[in-house]
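In what follows, a single structure is set out as structure tokens and then discussed.
The values are calculated or read from the model by the stated rules, or taken from the named source; none is laboratory data. Since this is a predicted model, take the numbers as computed values, not measurements. Here the Cβ positions follow ideal geometry from the backbone for every residue, glycine too, while neighbour counts run over all protein chains shown. Note: accessible area is taken over every heavy atom of the protein model, side chains too, but ligands, DNA and RNA are not part of it. Shrake-Rupley method; radii C 1.70, N 1.55, O 1.52, S 1.80 Å.
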Amino acid sequence: MPLSTIKNTSILKAYDTIKTSFWFTPCLILSLTILGCLTLLLIDLYAGLDTLPWLTFLYHASAEITRDLLTTVASSVMTVVSITFSITIVALTNASSQFGPRLIRNFMEDSSTQIVLGVFISLFVYCLILVRMTDDFAGGAFLPGLTIAGAIAMTLFGILLLIYFIHHVSLNLQSDSVIDNVYSELQSSIKQIFKQQKEEEDADSSTSQKQPQRTKTADKTRQQFQFQSQSCGYIQAINYADLTHVMSKLDGHLDILVNPGDFVVKRMVIMTSDIEAFSEEDRQTLHECFTLGPKRTPIQDPEFAVHQLVEIALRALSPGINDPYSAIACIDKLTAAVCDLTQKSFPEGITYDESGVERVTYKTTSFENLANIAFNQIRQYSQSCLAVQLRQLEGVIRIAEQANHSTHWSFVCHQKLMLEHGLEQQQLVDLDKQEVSTRLKTLNELTERA
């Protein structure tokens, strides 16, 4: 489900929590399996399928042998479940140590792992239910043949699923796959956030076409009302629609001083308004528009996945891991993301009510902010790795080729100066100097044409 289609921030947070949990999908599969098992049992009891000639092979078996078979399958499935959980824990431990603890979220979000755990647990419960039911039918000549056939089909499917799971985990533990998955999440997150903001701006523009647009500005001569945070934590989402509705009702203007992803402490000023006083109910409503949590999430935070890629690169450059190739792969993905950002229009950070009056002003991310996050820390930590510095120079060249705004060129010139200064501090051999000068010459030609 695209996050941009969900407007309520509480639902957004719940959706994100469920998506990154190991309990929801397995519980859902288990519930559906129990329902399916009971349905098949009712069909076996009342549909009279045992009288059909082409299904007689399902209903002519020994109840005792069937119970032994189901018991064996159930015990074997529990062994497979323990192996699956062990593989999952090993994958999480490896991700935490090699790529960083914040990357565990990406592994927990993997739907394949959640489905595999759910299927094996469901198969175990399915067999337990059947063992009890075959015991009831042991005295007669009738067995729930269709339901037993379902258990056999689930067992065969479980074997194939186990093979797929081992392949999937082996593939996902490779650094290139991890980096590509984080890059895909970054692309999806930025696309959804920009889509949601574009929809809000389109709604505002359609309103302003119907009504003369007016600006509600704060009176600088009187003291503004300050809203202080009631708790500490990371801002995970802000409900701008509800904030606009409240300020429209009160005929005031609100200035939001924080961004999704910012960490706020208790009693920190997060909003100011030109209204002198608020009722306790309105104040509580405005505070509830801010969703806080113990960690950052990509709900409304485009910087989240950028920080993840930067963290992978920094860990790869650490002396303990010393993997410049992974750092270079991160730089390539970050370069591609920044190049895509050069083609986007960033929101202005203003919302209007139905009458076209400006009600809320909020902070928005910018191209320079996202681009600097993508390049600065890696540049600072790669002073001793020429290969990474050369790759960053190539990345800046790719960005310069697509730059079409003054902010783009400002970023390119800043990074060029910083990289050039860092390279000048190193003792390079003639061949390395030639590699550096070639790239700097290309970059200078691009900036001169700007």
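Name the one entry in THR285, THR364 that is surrounded by fewer than 18 Cβ atoms within 10 Å (Cβ to Cβ), in contact with a Pro (Cβ under 8 Å, 6 or more places away or on another chain) and more than 30 Å from GLN389 (Cβ to Cβ).
Testing whether each residue is surrounded by fewer than 18 Cβ atoms within 10 Å (Cβ to Cβ), in contact with a Pro (Cβ under 8 Å, 6 or more places away or on another chain) and more than 30 Å from GLN389 (Cβ to Cβ) leaves just THR364.
Which of the numbered conditions does ASP282 fail, given that it passes all the others? Conditions: (1) modelled with pLDDT of 85 or more; (2) closer than 18 Å to ARG359 by Cβ; (3) touching a Phe, Trp or Tyr at 6+ places or on another chain (Cβ under 9 Å).
Going through (1) modelled with pLDDT of 85 or more; (2) closer than 18 Å to ARG359 by Cβ; (3) touching a Phe, Trp or Tyr at 6+ places or on another chain (Cβ under 9 Å) one by one, ASP282 breaks only (3).
What's the number of the only condition in (1) within 28 Å of the chain's Cα centre (by Cα); (2) not in a loop (DSSP other than H, G, I, E, B) that THR365 fails to meet?
(2)
Go through region 160-173 and give me each residue that's at pLDDT 85 or above and of a type outside the set (Phe, Trp, Tyr).
LEU160, LEU161, LEU162, ILE163, ILE166, HIS167, HIS168, VAL169, SER170, LEU171
Do we have any residue at all in region 215-236 that's in a helix (DSSP H, G or I), surrounded by 14 or more Cβ atoms within 10 Å (Cβ to Cβ) and modelled with pLDDT of 80 or more?
no
So which residues in region 351-361 are out of contact with any helix residue (DSSP H, G or I) (no Cβ under 6 Å at 6 or more places or on another chain) and either surrounded by fewer than 17 Cβ atoms within 10 Å (Cβ to Cβ) or charged (D, E, K, R) (or both), if there are any at all?
SER355, GLU358, listed by residue number.
Return the residue satisfying two criteria in turn: it lies in region 393-435 and is free of Cβ contacts under 8 Å to residues at least 60 places away in the same chain, among the polar types (S, T, N, Q) and in a helix (DSSP H, G or I), and of such residues it is nearest to TYR381 (Cα to Cα).
Checked region 393-435; the qualifying residue nearest to TYR381 (Cα to Cα) is GLN415.
Within region 267-282, restricting attention to residues that are part of a loop (DSSP other than H, G, I, E, B) and out of contact with any Ser or Thr (no Cβ under 6 Å at 6 or more places or on another chain), which residue is most open to solvent (accessible area, probe 1.4 Å)?
ARG267
Considering only region 258-305, how many residues are touching a helix residue (DSSP H, G or I) at 6+ places or on another chain (Cβ under 7 Å) and farther than 30 Å from SER189 by Cβ?
The number of residues fulfilling the criteria is 2.
Restricting to region 67-92, what's the tally of residues that are free of Cβ contacts under 8 Å to residues at least 24 places away in the same chain, closer than 27 Å to VAL310 by Cα and touching a helix residue (DSSP H, G or I) at 6+ places or on another chain (Cβ under 9 Å)?
The total comes to 2.
Within region 115-122, identify whether any single residue is outside any helix (DSSP H, G or I), in contact (Cβ under 8 Å) with a residue 60 or more places away in the chain and within 19 Å of the chain's Cα centre (by Cα), and answer yes or no.
No, region 115-122 contains no residue that is outside any helix (DSSP H, G or I), in contact (Cβ under 8 Å) with a residue 60 or more places away in the chain and within 19 Å of the chain's Cα centre (by Cα).
Out of all the residues in region 240-259, is one or more among the aliphatic types (A, V, I, L, M), assigned to a loop (DSSP other than H, G, I, E, B) and under 26 Å from SER355 (Cβ atoms)?
Scanning region 240-259 turns up at least one residue that is among the aliphatic types (A, V, I, L, M), assigned to a loop (DSSP other than H, G, I, E, B) and under 26 Å from SER355 (Cβ atoms).
Pick from GLU445, GLU401: which is acidic (Asp, Glu), open to solvent by 10 Å² or more (accessible area, probe 1.4 Å), over 30 Å from LEU250 (Cα atoms) and under 31 Å from the mean Cα position of the chain (by Cα)?
The conditions single out GLU401.
Being among the aromatic types (Phe, Trp, Tyr) and open to solvent by less than 60 Å² (accessible area, probe 1.4 Å) is the filter here, so list the residues in region 67-125 that pass it.
Of the residues in region 67-125, the ones among the aromatic types (Phe, Trp, Tyr) are 85, 99, 107, 120, 124.
Selection gives PHE99, PHE107, PHE120, PHE124.
Among the residues of region 316-323, is there at least one that is over 19 Å from the mean Cα position of the chain (by Cα) and closer than 26 Å to THR20 by Cα?
yes
How many residues, within region 3-44, are modelled with pLDDT under 80 and open to solvent by 60 Å² or more (accessible area, probe 1.4 Å)?
6
Quick one: which of LEU243, LEU254 is modelled with pLDDT of 90 or more and touching a helix residue (DSSP H, G or I) at 6+ places or on another chain (Cβ under 6 Å)?
Just one listed residue meets the conditions, LEU254.
Does region 331-346 contain at least one residue that is crowded, with 20+ Cβ neighbours inside 10 Å and under 30 Å from HIS253 (Cα atoms)?
no
Tell me, yes or no, whether region 315-325 has at least one residue that is within 30 Å of LEU393 (Cβ to Cβ), in contact with a Leu (Cβ under 7 Å, 6 or more places away or on another chain) and open to solvent by less than 10 Å² (accessible area, probe 1.4 Å).
Looking through region 315-325, none of the residues is within 30 Å of LEU393 (Cβ to Cβ), in contact with a Leu (Cβ under 7 Å, 6 or more places away or on another chain) and open to solvent by less than 10 Å² (accessible area, probe 1.4 Å).
Please state which one of VAL360, VAL388 is assigned to a strand (DSSP E or B) and either small (Gly, Ala, Ser) or at pLDDT 85 or above (or both).
None of the others qualify; the one that does is VAL360.
Just one of LYS333, LYS344, LYS295, LYS363 is more than 25 Å from HIS414 (Cα to Cα) and of a type in the set (Lys, Arg); which is it?
Answer to the check: LYS295.
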